[in-house]
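S.K.: Before we start, here is the structure in question, set down as structure tokens.
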Amino acid sequence: DAKADGVAKNGAPLRTAVQWTPSDPEMITVAAAEDTQVKITVHHAGESKLIVASNGISKELRVKAKYVGNATQIEISQ
């Protein structure tokens, strides 16, 4: 689960619509969850970008996933 919040110039929290866009939608899907949260699902190993955008401001995240034994290790970084 993840969430992105807006912040006004004075530091106050700002409720805003956030768009989550994966560069590889077959690897990563993003679905609305509770309140302003989203659920990020990684479907297979690989690497994809995830763009988080709101009101003309965006941030690019890199999502890496690899198989480690019987588990999937996921790393999300800027």
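The values are calculated or read from the model by the stated rules, or taken from the named source; none is laboratory data. The structure presented is a predicted model; accordingly, all values stated were derived computationally and were not measured. Cβ atoms come from the backbone with ideal geometry, glycine included; neighbour counts cover every protein chain shown. SASA here: full protein model, heavy atoms, side chains in, ligands and nucleic acids out. Shrake-Rupley method; radii C 1.70, N 1.55, O 1.52, S 1.80 Å.
S.K.: Do any trypsin sites (Lys or Arg not before Pro) in segment 3-43 lie in a DSSP loop with no more than 10 other beta carbon atoms within 10 Å, and if so, which?
M.R.: Qualifying residues, ordered by number: LYS9, ARG15.
S.K.: Within the chain, what whole-number % of the accessible surface is contributed by carbon and sulfur, with the 1.4 Å probe and all protein chains included in the calculation?
M.R.: Here it works out to 48 percent.
S.K.: Could you put VAL63, VAL18, VAL7 in order of accessible surface area, largest first, with the 1.4 Å probe and the full protein assembly present?
M.R.: The ranking, largest first, comes out as VAL7, VAL18, VAL63.
S.K.: Here is a further query. Take the alpha carbon atoms of the chain, find their radius of gyration, then divide it by 2.2 N^0.38 Å using N residues; give the quotient.
M.R.: 1.21
S.K.: Oh, and also: Size of the dipole of the chain about the Cα centre, Lys and Arg at +1 and Asp and Glu at -1 on the beta carbon, nothing else charged, in debye to 20?
M.R.: Computed about the Cα centre, the dipole is about 220 debye.
S.K.: Moving to a separate point now. List the lysines whose Cα lies under 19 Å from the Cα of LYS49, skipping any in the same chain that are fewer than 8 positions away.
M.R.: LYS3, LYS39, LYS59, LYS64, LYS66
S.K.: Using a Gaussian network model of the chain with C-alpha springs under 10 Å, which one of GLU47, GLU26, GLU34 is most mobile by mean-square fluctuation?
M.R.: Its mean-square fluctuation being the largest, the pick is GLU34.
S.K.: With a 1.4 Å probe and every protein chain left in place, work out the accessible area per residue of the chain in Å², rounded to a whole number.
M.R.: Per-residue accessible area for the chain comes out at 74 Å².
S.K.: Determine the order of LEU61, LEU14 by accessible area, beginning with the largest, at a probe radius of 1.4 Å.
M.R.: Final ranking, largest accessible area leading: LEU14, LEU61.
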